[in-house]
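One structure is given below, encoded as structure tokens.
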Amino acid sequence: MQTVVCDTEDSASNHEAARRAGKEAGRFIKDKQLCCSEAVLLVVNQHFGGPLTEEEAIRLGSGHCGGMAGSGCSCGALAAGITALGLFLGRCSPGAPKEKTMEKAVRTLHDTFKKEFGATCCRVLTKKFMHDKAAKAESCRKLTSFAAEQTTLLLLDARTEPLPSPRDAKKNAAETV
């Protein structure tokens with residue numbers, strides 16, 4: 001797996017990198033037997049060289065499967081995208097100022113997702129596929145691909161240089177004290 005390199009001067013390459021991440025997340029549902037949230041978090045973490053192991057990314061995403069453990073609430077793909085934005089753009093220590101870049105990215109992801117699909121609730125998004133497992137699976141793959149693609153694009157657009165992992169950012173902050 002290659003790490004995505006940020007190139008804000010080449011928007012086309014950002015969009016292509018985001019499309020690749022989206023396609024990969026959609027494939028992971030079937031190929032790796034992951035749920036939507038596990039696939040989004042795993043792909044985004046891997047593409048940006050994040051600090052999570054494959055097992056940690058899957059575990060962290062597991063609670064959001066099926067809209068919060070099957071309850072049908074917030075779409076797991078969207079929730080995992082938000083988690084990934086926090087992983088790379090969020091605060092690194094208690095009491096640190098809020099990260100406006102992260103907050104803007106989260107709002108943008110939420111609003112873009114809702115505009116594209118008309119809802120953010122898993123139950124609403126999958127209601128018409130209740131009695132058709134294949135159609136529901138295809139719908140979830142589309143939601144997953146979209147969430148991973150948009151999350152990747154937001155992360156690429158948020159920085160003008162390669163993103164450091166949260167561990168590197170924390171280490172660098174400690175060294176400057």
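Some values worked out for this structure:
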| read-out | value |
| --- | --- |
| Net charge, His110 excluded, C-beta distance under 12 Å - Lys, Arg +1, Asp, Glu -1 | +1 |
| Loop sites in the stretch 31-118: trypsin sites (Lys or Arg not before Pro), DSSP, at most 14 other Cβ within 10 Å | Lys32, Arg91, Lys98 |
| Rough spin-label spacing in nm, given labels placed 7 Å along Cα→Cβ, for Ala96 and Ala137 | 4.1 |
| Against the rule of thumb 2.2 N^0.38 Å, how large the Cα Rg of the stretch 97-141 comes out | 1.53 |
| Distance violations [Cα-Cα > 30 Å] among Lys30/Lys98; Lys23/Lys133; Lys30/Lys127 | Lys30/Lys98 |
| The stretch 86-101 - phi-based ³J(HN,Hα) in whole Hz, Karplus 6.51/-1.76/1.60, Gly and Pro as x | x, 4, 9, 10, x, 5, 9, 8, x, x, 5, x, 4, 8, 5, 4 |
| Descending principal axes extents, the stretch 20-108, alpha-carbon based, whole Å | 40, 30, 22 |
| Cβ crowding within 10 Å averaged over residues, with 135-144, 21-30 ranked highest first | 21-30, 135-144 |
| Unit Cα scatterers, Debye sum, the stretch 11-56: log10 I(q)/I(0) for q = 0.16, 0.26, 0.33 Å⁻¹ | -0.41, -0.92, -1.17 |
| Surrounding net charge for Leu42, when Lys and Arg each add one and Asp and Glu each subtract one, Cβ distance under 11 Å | -3 |
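Values in this text are rule-based calculations from the coordinates and carry no lab data. Every value quoted in this text rests on a predicted model; they were computed, and no experiment measured them. Heads up, the Cβs are rebuilt from the backbone with ideal geometry, glycines too, and the neighbour counts pull from every protein chain shown.
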